[in-house]
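Let me begin by presenting the structure, written as structure tokens, before commenting on it.
The values are calculated or read from the model by the stated rules, or taken from the named source; none is laboratory data. This structure is a prediction, so every number in the text was calculated from the model and none was measured. Cβ placement follows ideal geometry from the backbone for every residue including glycine, while neighbour counts extend to all protein chains displayed.
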Amino acid sequence: MPLLFDIKRYALNDGPGIRITVFFKGCPLSCIWCHNPEGIAPHPQKLYTAKRCIGCRSCIDACPAYALTVATAGIVTNPMLCTVCGQCVEACPTKAMEISGRKYKAEKIMKEIEKEIPFMDQSGGGVTFCGGEPLMQPTALADLLVRCGRLDLHRTVDTSLYASPATLSTIIPETDLFLVDLKLIDSAKHRYYCGAPNEGILANIRTVSEARKPFTIRIPLIEGINADDENLQASARFLAELPTRPHSLQFLPYHDLGHSKHAKLGTLYNPDRHPMSVPSSDHLAHARSIFALYGIEASVG
Ligand code: SF4
Ligand code: SF4
């Protein structure tokens, strides 16, 4: 059964038209700017939102593991004792306690997807599988892709392509569009900022291109990490030399939405304090001009 951390309706930025987006939990990368850190760990996790907490202590009374205590910052969970049973979530009247990550039967996911078919039909939309990293649960992903294919739904996979070639080969025939993040071309920097090297990712982008599958490249553009000319030129050159060009290319300017989610998880955003900032509009125009030199039109998402 797939482990998911969200299902979102009416998504407008995850492929063409109006889409339903299914978020797989678990990611092999750990990009320091990640805006969905609750999607990284491949198991359920408890979240706590201090500003929603009214201090009623119902969660403490409900916890069978004696894992909760009160501190000045609110309720504190002892991770050594918490079994993520969810009883505190049930007891909490304000949704200050939540669980991220639940196993869903494929039939239940398909029911949710089928409810959205009228919107997909009207808008030319479909289903998007993202994460986390959907390719980390390849059997469950392939099963859902096949089920959606039988209903003739447009299927998008939003992925880092950090996966084995064997896994990718099972997913390609059942996918109509790939949305692929291209973060850094230099593998040592990729390992440093994202937790893994990127040779396999670049080889997999080439495989998707050789298979003549439509793919969109999305570059999270972060001043201080990957917005330098050297990386932009190397990225544009790599894409220009592929057998088929990306369907489209989007820059996604940096934002720090991951901050508040790390606070809910009780973890730190960017613990080593790498300087990261939003590129200026001049810098975005400059980045677009670099890709234009290689015949690639880039937009800003
Ligand atoms: S999830 Fe269960 S074990 Fe963990 S704090 Fe809540 S009630 Fe206690
Ligand atoms: S039950 Fe919810 S609102 Fe009450 S103390 Fe616990 S977290 Fe806060």
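Residue check: is Asn78 touching a strand residue (DSSP E or B) at 6+ places or on another chain (Cβ under 8 Å), more than 30 Å from Pro118 (Cα to Cα) and modelled with pLDDT under 95?
The answer is yes for Asn78.
When region 236-284 is examined, which residues are found to be under 12 Å from Pro220 (Cα atoms) and either modelled with pLDDT of 90 or more or in a helix (DSSP H, G or I) (or both)?
Result: Leu249, Gln250, Phe251, Leu252, Pro253, Tyr254, Met276, Ser277, Val278, Pro279, Leu284.
Would you check if there is a residue in region 27-37 being within 16 Å of ligand 1 (Cβ to nearest atom) and either farther than 30 Å from Asp121 by Cα or buried (at least 17 other Cβ atoms within 10 Å of the Cβ) (or both)?
no
Only residues that are in contact with a Ser or Thr (Cβ under 8 Å, 6 or more places away or on another chain) and exposed (fewer than 14 other Cβ atoms within 10 Å of the Cβ): list them for region 229-243, please.
Scanning region 229-243 gives a single hit, Pro243.
With respect to Leu168, is the statement that it is in contact with a strand residue (DSSP E or B) (Cβ under 6 Å, 6 or more places away or on another chain) and assigned by TED's automatic domain parsing to the domain that holds Ile185 true?
Spelling it out, it is not the case that Leu168 is in contact with a strand residue (DSSP E or B) (Cβ under 6 Å, 6 or more places away or on another chain) and assigned by TED's automatic domain parsing to the domain that holds Ile185.
Residue under question is Asn226, and the condition is that it be touching a residue at least 24 places away in the same chain (Cβ under 8 Å), touching a Pro at 6+ places or on another chain (Cβ under 8 Å) and either buried (at least 17 other Cβ atoms within 10 Å of the Cβ) or on the phi > 0 side of the Ramachandran plot (or both); does it hold?
Yes.
Which residue is nearest to ligand 2 (Cβ to nearest atom), if the candidates are limited to region 56-103 and must be surrounded by 12 or more Cβ atoms within 10 Å (Cβ to Cβ) and of a type in the set (Lys, Arg)?
Arg57
Taking the criterion of being more than 22 Å from the chain's Cα centre (by Cα) and either outside any loop (DSSP other than H, G, I, E, B) or of a type in the set (Val, Ile, Thr) (or both), would at least one residue in region 134-146 satisfy it?
For region 134-146, residues more than 22 Å from the chain's Cα centre (by Cα) and either outside any loop (DSSP other than H, G, I, E, B) or of a type in the set (Val, Ile, Thr) (or both): absent.
To keep it simple, each residue is scored yes or no on (1) of a type in the set (S, T, N, Q); (2) more than 21 Å from the chain's Cα centre (by Cα).
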{"site": "Lys189", "(1), (2)": "no, no"}
{"site": "Pro197", "(1), (2)": "no, no"}
{"site": "Thr216", "(1), (2)": "yes, no"}
{"site": "Asn231", "(1), (2)": "yes, yes"}
{"site": "Tyr254", "(1), (2)": "no, no"}
